[in-house]
Every structure is written in C-alpha cells, then in structure tokens.
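Every number here is computed from the coordinates shown, using simple stated rules; none is lab data. Computed from a predicted model, the values in this text were never measured in an experiment. Note: ideal-geometry Cβ built from the backbone for every residue, glycine included; neighbour counts use all protein chains shown.
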Amino acid sequence: MKVNTKKLVLIGVLASAAIILSYIEFLLPPIYSAVPGIKMGLANIAVIFALYSIDGKSAALISVIRVALSALLFGTVTSFIYSACGAILSLTVMILLKKSTLFSPVGVSVAGAVMHNVGQVLCAIIMLGAAEIGYYLVVLSVSAVLAGVLVGLASAVLIKTVKTRP
C-alpha cells in the first residue's frame, strides 16, 4: 500500500484548520445569530479547498474529522447528529457539483451551505416529528446563500493562491 506523505500531512493540516475555524465560530458572540441555527460555516473553507486541491475523499475525511472532533470538544450528541446529517448531504452535493464542472467554488459553496441546512432540518423533522420545522428552512436558506458566497470567495482565493500537489 502506497502512502502519500504530503497528501496525509495536507489532510491533517486542513482538518486542524477546520477544527480551529469551528472553534473560532463557536467563540463568536451571537450578533449574527439572532436567529437560532445560523452560522457562517467557516470550517467549510478547509473542506472546499481540499475538494479542489486534493479530492472528494480527502474533503470527506476532513469533514468527518471536523464534525466528530468539534462535537466532542465543544458540542453535544445532538449537535453531532445535526451536524453530521448536514455535512453528509452538503458534501455529497458539493462533490457532485464539482465533478460536473458547471459550478465555481463559490457556486459549490452556496449549494453546500443550503444543503447543509436542508440536511439539518430534515434531521430535526425526523427527530422531533414535527414537519412544521420545514418552514424554518426559508430563513436558514437566505443566510446560507450569504454565508456560502463568503465562504466560497475565501475558498476560491485560497485555491488560486495556494499551490499544492499531494
């Protein structure tokens, strides 16, 4: 079995960056979060960078590490379940859109942000048995588009300026 050391180190660095970005977001005062559930999703900068600079499997690994360790360090079992549901749907859509080559990193980021919220709302509907929660998706989607654009722009800058060859 061939091990690509540079790729392994890059995955470790990006997973660490994702966890740090999650922690920074956790520490931010709830100024932009007057509505529960709204977050920037800063950790997705590392995931999108990995998706474009390495591959989909590496981006998925970074996402899994970030979701698990973030929940363990500053979350709960419930936050882990919601985050995992959102991350799985989000990452699946982002990988498919990136493969289609029809979308820029910004478009992929926006779709990922919206799908993350869709995954979390679907999870909440199942866990709480209340379909009415689905209406909340309208509010979350507006914030997801804005956050997705910002995260996508930051990711695009990194993708263009940081050259990696794992």
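Table for the structure above
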| quantity | calculated |
| --- | --- |
| The chain - convex hull of the alpha-carbon atoms, volume per residue in Å³ | 122 |
| Label point distance in nm, Thr5-Thr101, each placed 7 Å from Cα along Cα→Cβ | 3.4 |
| Cross-link pairs beyond the 19 Å C-alpha cut-off, checked among Lys6/Lys98; Lys39/Lys98; Lys6/Lys163; Lys57/Lys99; Lys6/Lys57 | Lys6/Lys98; Lys39/Lys98 |
| In Hz, Karplus ³J(HN,Hα) per residue of region 132-137 (6.51, -1.76, 1.60; θ = phi - 60°; x = Gly, Pro) | 4, 4, x, 5, 5, 4 |
| Cut-off 17 Å (backbone N to label point 7 Å along Cα→Cβ of Tyr135), residues of region 70-114 | none |
